[in-house]
Every structure is written in structure tokens, then in C-alpha cells.
Amino acid sequence: MNQKPATPKDAAAIILIKSDTNEVLWAQRNLNLKFLGGYHAFAGGKFDAGDTEIEVRNCENAETAKFIACAARELFEEVGVLLVRNGEKLTKGQRASLHDDLISGRMNFGEVLRHWNLWLDGGDFTRTGFWTTPPFSPMRYKTRFFLANCPPKQEPYAAISEMENIEFVRPDEALSRWKKSEVLISPPVLLVLKELAATLQNSGQMNSETLKVCAEKLLVKSQECDGQIDYIELNSRLICFPLKTETLPPATHTNCFIVGGQEFVVIDAASKDEAERQKLFELIDSLIEKNSVCKELFPLG
């Protein structure tokens, strides 16, 4: 009997922008991680109960505030960037000392902020919606994404072992590497990169106004599909679309593949679930609407 989908855990992530160079921060997740190991992603992670106790000024929504706190904490834990107010007084060495206090457990994030008279400001974080890991994944997260500018004079680094190859990159360069199959990108991150690249193409600059428009577009996209992306674009010519099938447990899905670009073929998992097949047909229709042509459909089984 097929297993029930795992319940998504709450999480938050930061889309960290360096406006003067039109770049965004990304990193490769450690290959040994069970969830998206080896994929490129933004800094972020699971919500912690202590995040609720952290004050976020200029944010009236308590639900949003706790995920801002989560995102800021994870950013500091993973890449050493302290996105707070009154932090400009800290030296690089002092930030490293604060990070050691946090990681060692001597202080939690709220205590670190209070001890050094630092605080989070909701105005520094722009909500771009949420994305939920699909039901076929054994580990699932409902991740809230926030857009923010990198504080001056702070350079990200591999503060813990979760993230590797940390770098600021232009969105179009990141997409170019993805198209060449040089990197794997998690679906929500890919969507953000495409929107950032379009923003740069249209305006030529990541400034407060263009980023605000970009964030609004991302929020609308999240709301339109209720934070669901059901497939993985492995590169620009290969889409993996797991479909619910009567397969051997503990598996619940079988992979369907869409291969090609302007002309593509579908290697269909032959799901008997009408709702699942409808999702596949909607994706195929969306590709055809972009002037691509479906040359063949190969059913499995």
C-alpha cells in the first residue's frame, strides 16, 4: 500500500541581493544532505520554536515576523551574514565570535541580538511568497522566501558544513550554467533566478524599485499555484515530473520525463490517476502555448 505524503515542515529562506553588482547569493548544498544534496539553493532552513520569541520591529504580522526571524537566523548560521540593524558597529572578528556563540549553543539567536543591542527590522525583508515540497518527496518543507539586500562590508562564507561553493552570481550566469547541466537548481530557486534575470533584462539594474516589482511578481506566482511546483527542471531540455502510480512501496510515484526544447517528446509514466494525468497534460499544454511542439508520447508499461 502506498504511504501517505509526509507533512511539510515550516522553513524560511533569504534571496540575498548585492545591488551594486546585480548579483544574488547562492550555494551548493552539501552532497551528503538527505534533502536536495548537491543542488544549488539560497541560504535557509527549518523554523525553530525560538524564532517566535525574537522581536521583529516594523512588522505587525506575527506569522510573517517569526519567519523573518527564522530566515535571518539561518542566513547567519549558514553563511555568516548578519542581516540586522545596528550591526555596522561590529567588526568581522566580532561577528565571527557571535556566530561561535550561536553555533556552540552558548546563546540562542534572540540572546545574541539582545546582548549586542541588535534587532531585526521587517522593512529589510520583502516577502515573495512560499513554496512547498511536492507530496512525492519523503522530506517536505513549506518554505517562505524573503528578498533582502546584503549589508555593506559583509562577505558570505561557509560558516557551517551545509553549504559549499558559496558565491554571488548574476542570475543570467546562474541560468547559463544550469542550461549547460553544470549545476542542479531546486525548483523555487530556479523560478526566482528566472524572474531576477527578466528584471535585469528589462531594467538593467537591481535597485529598490525593480526588486520591489520582482518580489510582487514572485508573490503572485506563489499565490496562483498555492506554492506548488510538481516537477523538476533538471536543465533547459529535461523535465522530471513524478506522477502518482500503483508502484511498489515505499515508492508512491513514477518519473515521467519531458525531453527536448522547441520539439520535445514525453516518456509517460502511464498513471491511472486522472488528476495526476491532468497535471501532466496542463504542463504539456503550457509548453505548446510557448510554441514548442510535442513530437511523440511514449507510455511506459
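Return one quarter of the surface area of the convex hull spanned by the alpha-carbon atoms of the range 94-165, equal to its mean projected area, in nm².
So the mean shadow area of the Cα hull is 7.1 nm².
How large is ³J(HN,Hα), in whole Hz, for each residue of the range 9-16 in order, when computed from phi with the Karplus curve 6.51 cos²θ - 1.76 cosθ + 1.60 and θ = phi - 60°, using x for Gly and Pro?
8, 5, 7, 8, 9, 10, 8, 8
What percent does the relative contact order of the chain come to when contacts are Cα pairs within less than 8 Å and at least six residues apart? It would help to have the intermediate numbers written out before the result.
Working: 574 pairs, mean separation 60.4, N = 301.
Relative contact order, the chain: 20 percent.
Check cross-link reach from K180 to the aspartates and glutamates: straight Cα distance under 17 Å, and skip same-chain residues fewer than eight apart.
In chain and number order, the partners are D172, E233.
What ranking do 58-67, 269-278 get when scored by the average of other Cβ atoms within 10 Å per residue, highest first?
Output ranking for 58-67, 269-278: 58-67, 269-278.
Just the projected area, averaged over all directions, of the convex hull on the alpha carbon atoms of the range 1-124: how many nm²?
Computing the convex hull of the Cα atoms and averaging its projections yields 10.1 nm².
Taking every DSSP beta bridge that has both residues in the chain, what percent is antiparallel when rounded to the nearest 5?
In the chain, approximately 65 percent of DSSP beta bridges are antiparallel ones.
Scaled to the compact-protein estimate 2.2 N^0.38 Å, what is the alpha-carbon radius of gyration of the range 210-301, rounded to two decimal places?
For the range 210-301, the normalised Cα radius of gyration comes out at 1.23.
Only Cα pairs under 8 Å and at least 6 apart count here; give the relative contact order of the range 69-168 as a rounded whole percent.
For the range 69-168, the relative contact order is 35 percent.
Mind checking which aspartates and glutamates have their C-alpha under 15 Å from K272, skipping anything on the same chain fewer than 8 residues away?
Result set, ordered by chain and number: E246.
Where the accessible area of the range 55-134 is counted over protein heavy atoms with a 1.4 Å probe, how much of it, in %, is carbon and sulfur? All intermediate terms of the calculation are to be shown ahead of the outcome.
Working: 1610 of 3610 Å².
Answer for the range 55-134 is 45 percent, counting heavy atoms of protein chains only.
Amide H of I15: which non-local residues (sequence gap of 5 or more, or other chain) have their own amide H closer than 5 Å, using H built in the peptide plane?
Amide H neighbours of I15, under 5 Å, 5+ apart: F146, L147, A148.
Compare the peptides 98-106, 215-223, 239-247 by average per-residue count of other Cβ atoms within 10 angstrom and give them in order, highest first.
Descending mean neighbour count gives 239-247, 215-223, 98-106.
Residue by residue through the range 156-172, what is 3J(HN,Hα) from phi via Karplus (6.51 cos²θ - 1.76 cosθ + 1.60, θ = phi - 60°)? Round to whole Hz and write x for glycine and proline.
x, 8, 6, 6, 9, 7, 5, 10, 10, 6, 6, 7, 8, 9, 5, x, 5
What are the semi-axes of the equivalent ellipsoid of the range 60-207, taken as the square roots of 5 times the eigenvalues of the Cα gyration tensor, listed largest first and rounded to whole Å?
28, 19, 17
Considering only G204, S222, G87, whose Cα is most displaced toward the positive end of the charge dipole of the range 76-224, charges sitting on Cβ of Lys, Arg (+1) and Asp, Glu (-1)?
With unit charges placed on the Cβ atoms, the residue in question is S222.
Quick one: what do you get for the chain if you divide its Cα Rg by 2.2 N^0.38 Å?
Compared with the compact-globule rule of thumb, the chain sits at 1.06.
Say each of K290 and S97 gets a label point 7 Å from the Cα, pointing the same way as Cα to Cβ; how far apart are those two points in nm?
5.1
Starting at the first residue of the range 188-198, write each ³J(HN,Hα) from the Karplus equation 6.51 cos²θ - 1.76 cosθ + 1.60 with θ = phi - 60°, in whole Hz, x for Gly and Pro.
Using θ = phi - 60°, the values come out as x, 5, 4, 4, 5, 4, 5, 5, 5, 5, 5 Hz.
Report the net charge of residues surrounding P8, where surrounding means a beta-carbon distance below 15 angstrom and charges are Lys +1, Arg +1, Asp -1, Glu -1.
Values: positive: K4, K9, K46, R140, K142, R144; negative: D10, D226, D230.
Once all neighbours under 15 Å are counted, the net charge is +3.
Give me the percent of Cα-Cα pairs in the range 118-198 that sit more than 16 Å apart, rounded to a whole number. Can you show the working numbers first?
Details: 2170 of 3240 pairs.
When all Cα pairs of the range 118-198 are counted, 67 percent exceed 16 Å.
Probe radius 1.4 Å, ligands and nucleic acids ignored: give me the carbon and sulfur share of the accessible area of the range 161-301 as a rounded percent.
The value for the range 161-301 is 51 percent carbon and sulfur by accessible area.
If you average over every viewing direction, what projected area does the convex hull of the Cα atoms of the range 159-250 give, in nm²?
9.0
Can you tell me the dipole magnitude for the range 68-141 around its Cα centre, using point charges on the Cβ only (Lys, Arg +1; Asp, Glu -1), in Debye to the nearest 20?
60
Using the crude model of +1 on Lys and Arg Cβ and -1 on Asp and Glu Cβ, and no other charge, please compute the dipole size for the range 130-257 relative to its Cα centre, in debye to 20. Write down the numbers at each step before the final one.
Working: 14 positive and 15 negative charges, 22 e Å.
That gives the range 130-257 a dipole magnitude of about 100 debye.
Over the chain, average the accessible area per residue using a 1.4 Å probe and give it in Å², no decimals.
Dividing the accessible area of the chain by its residue count gives 51 Å².
Please tell me which of these pairs span more than 18 angstrom C-alpha to C-alpha: K194/K217; K9/K66; K66/K142; K244/K279; K194/K290; K46/K279?
In this structure, K46/K279 lie more than 18 Å apart at Cα.
Once you keep just the Cα pairs under 8 angstrom separated by 6 or more residues, what percentage relative contact order results for the range 203-269?
19
List the chymotrypsin sites (Phe, Trp or Tyr not before Pro) within the range 87-173 that fall in a DSSP loop (any state other than H, G, I, E or B) and whose Cβ has at most 15 other Cβ atoms within 10 Å.
In loop regions of the range 87-173 (DSSP not H, G, I, E or B), the sparsely surrounded chymotrypsin sites (Phe, Trp or Tyr not before Pro) are Y157.
For E23, enumerate residues with amide H under 5 Å from its amide H, sequence gap 5+ or separate chain, H modeled in the peptide plane.
Excluding prolines and chain starts, which carry no amide H, the hits are K18.
The values are calculated or read from the model by the stated rules, or taken from the named source; none is laboratory data. Keep in mind that this is a model prediction, so the values were computed, not measured. Every residue, glycine as well, gets a Cβ built from its backbone with ideal geometry; the counts of neighbours run over all protein chains shown. We work out accessible area using only protein heavy atoms, side chains counted, and drop any ligands, DNA or RNA first. Shrake-Rupley method; radii C 1.70, N 1.55, O 1.52, S 1.80 Å.
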